[in-house]
1. Answer yes or no as to whether B:Ala67 is within 11 Å of another protein chain (Cβ to nearest Cβ), among the small types (Gly, Ala, Ser) and in a strand (DSSP E or B).
2. Give all pairs with beta carbons closer than 7 Å in which a residue from the range B:52-67 that is acidic (Asp, Glu) meets a residue that is exposed (fewer than 12 other Cβ atoms within 10 Å of the Cβ); count only pairs at least 6 apart in sequence or on separate chains.
3. Answer yes if at least one residue in the range B:75-98 is assigned to a strand (DSSP E or B), more than 22 Å from A:Pro44 (Cβ to Cβ) and more than 13 Å from chain A (Cβ to nearest Cβ), and no otherwise.
4. Would you confirm whether any residue within the range A:48-60 is among the basic types (Lys, Arg) and in contact with an Asp or Glu (Cβ under 9 Å, 6 or more places away or on another chain)?
5. Mind checking which residues of the range B:5-39 are in contact with a Pro (Cβ under 8 Å, 6 or more places away or on another chain) and assigned to a loop (DSSP other than H, G, I, E, B)?
6. In the range B:40-61, how many are buried (at least 16 other Cβ atoms within 10 Å of the Cβ) and outside any strand (DSSP E or B)?
7. Checking the conditions here, which among A:Leu101, A:Leu46 is in contact (Cβ under 8 Å) with a residue 60 or more places away in the chain, within 18 Å of B:Arg36 (Cα to Cα), of a type in the set (A, V, I, L, M) and within 14 Å of chain B (Cβ to nearest Cβ)?
Amino acid sequence: QQQVKQSPQSLIVQKGGISIINCAYENTAFDYFPWYQQFPGKGPALLIAIRPDVSEKKEGRFTISFNKSAKQFSLHIMDSQPGDSATYFCAAHSGGGADGLTFGKGTHLIIQP
Amino acid sequence: DTGVSQDPRHKITKRGQNVTFRCDPISEHNRLYWYRQTLGQGPEFLTYFQNEAQLEKSRLLSDRFSAERPKGSFSTLEIQRTEQGDSAMYLCASRSGLREQYFGPGTRLTVT
C-alpha cells in the first residue's frame, strides 16, 4: 500500500522556470511533511518541511503549498537552476505512530540551461 | 564535519556471506533510523532506536537482519546470509527531539 503518491515521475524545466512536484497522502494521522533532495550516490538532504496548521511555507526559492482537505501538498522551485537537477522526494510522518518517514517514489528533475 | 557518517560507503559481497554496516549519528541526536533504498524508489523505513532501545521494526526487516545501538551512540546493521535481493543503498538518519531527520551518505551493498 503506497501511502504517499508523488508525481510526476520525471520533469524537465527550462532554466529560470518554475518546477512543481505534487504529492498526495492517505493517512490522516500524518502531521509533518518534509521534502528531500538527493543527488546521485548521496543521501537525501532535507530541503523544507511543513505542518498541516499552515497552508504555505517559503524558504528562499523553495515553497511548500499544503491543502489539508484534499490531502495534497506540493513543492515549487522558483527560478530553477541547473544545480537544482536532482531527485526530489516528498515524505510524511505521524507523530503518534511508527516513527519512520513514509516516502513517495521520487521525481527526477532536470533543469535545462 | 558534524553530519551523519556511514561506513563503508560501498560493499560488494557474495551471496550467503554476512555483512555489517556502521552509522555514526549527529552528536546528541538520541533517535537513529535505518532505511533501505532500491534504484528508482524512495527510502523505506527499516528500524528505529531511541537511545539504545530499538522501538520499532518494519516488516521489511526479516530475521536475517539485526540492528544494534549498544551505548546509544553509533549503530550497526548486520545482514546474515545475504541474498541478491538485499542489494540496495542502506541509509542511516538521526534526529533530536525535533521532527527533522538528517541522513548520512549511505552504504551501497551489491550482492553477487
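1. Details: within 11 Å of another protein chain (Cβ to nearest Cβ): no; among the small types (Gly, Ala, Ser): yes; in a strand (DSSP E or B): yes.
Against the criterion (within 11 Å of another protein chain (Cβ to nearest Cβ), among the small types (Gly, Ala, Ser) and in a strand (DSSP E or B)), B:Ala67 does not qualify.
2. Taking only residues 6 or more apart or on different chains, the pairs are B:Glu52/B:Pro70; B:Glu52/B:Lys71.
3. Narrowing the range B:75-98 to residues assigned to a strand (DSSP E or B): B:75-79, B:88-95.
Still in the running and more than 22 Å from A:Pro44 (Cβ to Cβ): B:78.
This time we only want the ones that are more than 13 Å from chain A (Cβ to nearest Cβ), so: B:78.
Among the residues of the range B:75-98, at least one is assigned to a strand (DSSP E or B), more than 22 Å from A:Pro44 (Cβ to Cβ) and more than 13 Å from chain A (Cβ to nearest Cβ), which makes the answer yes.
4. yes
5. The answer is B:Arg9, and nothing else.
6. Number satisfying all stated conditions: 4.
7. Values: A:Leu46 fails: in contact (Cβ under 8 Å) with a residue 60 or more places away in the chain.
Exactly one of A:Leu101, A:Leu46 is in contact (Cβ under 8 Å) with a residue 60 or more places away in the chain, within 18 Å of B:Arg36 (Cα to Cα), of a type in the set (A, V, I, L, M) and within 14 Å of chain B (Cβ to nearest Cβ), namely A:Leu101.
Residues are listed down the side, and each one gets a yes or a no for (1) out of contact with any helix residue (DSSP H, G or I) (no Cβ under 9 Å at 6 or more places or on another chain); (2) more than 14 Å from B:Gly42 (Cα to Cα); (3) at pLDDT 95 or above:
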residue: A:Ala29; (1), (2), (3): yes, yes, no
residue: A:Lys42; (1), (2), (3): yes, no, no
residue: A:Ile48; (1), (2), (3): yes, yes, yes
residue: A:Pro52; (1), (2), (3): yes, yes, no
residue: A:Lys68; (1), (2), (3): yes, yes, no
residue: A:Asp99; (1), (2), (3): yes, yes, no
residue: A:Gly106; (1), (2), (3): yes, no, yes
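The values are calculated or read from the model by the stated rules, or taken from the named source; none is laboratory data. Given the structure is predicted, the values throughout are model-derived calculations rather than measurements. As a convention, Cβ positions derive from the backbone with ideal geometry for all residues, glycine included, and neighbour counts pool all protein chains shown.
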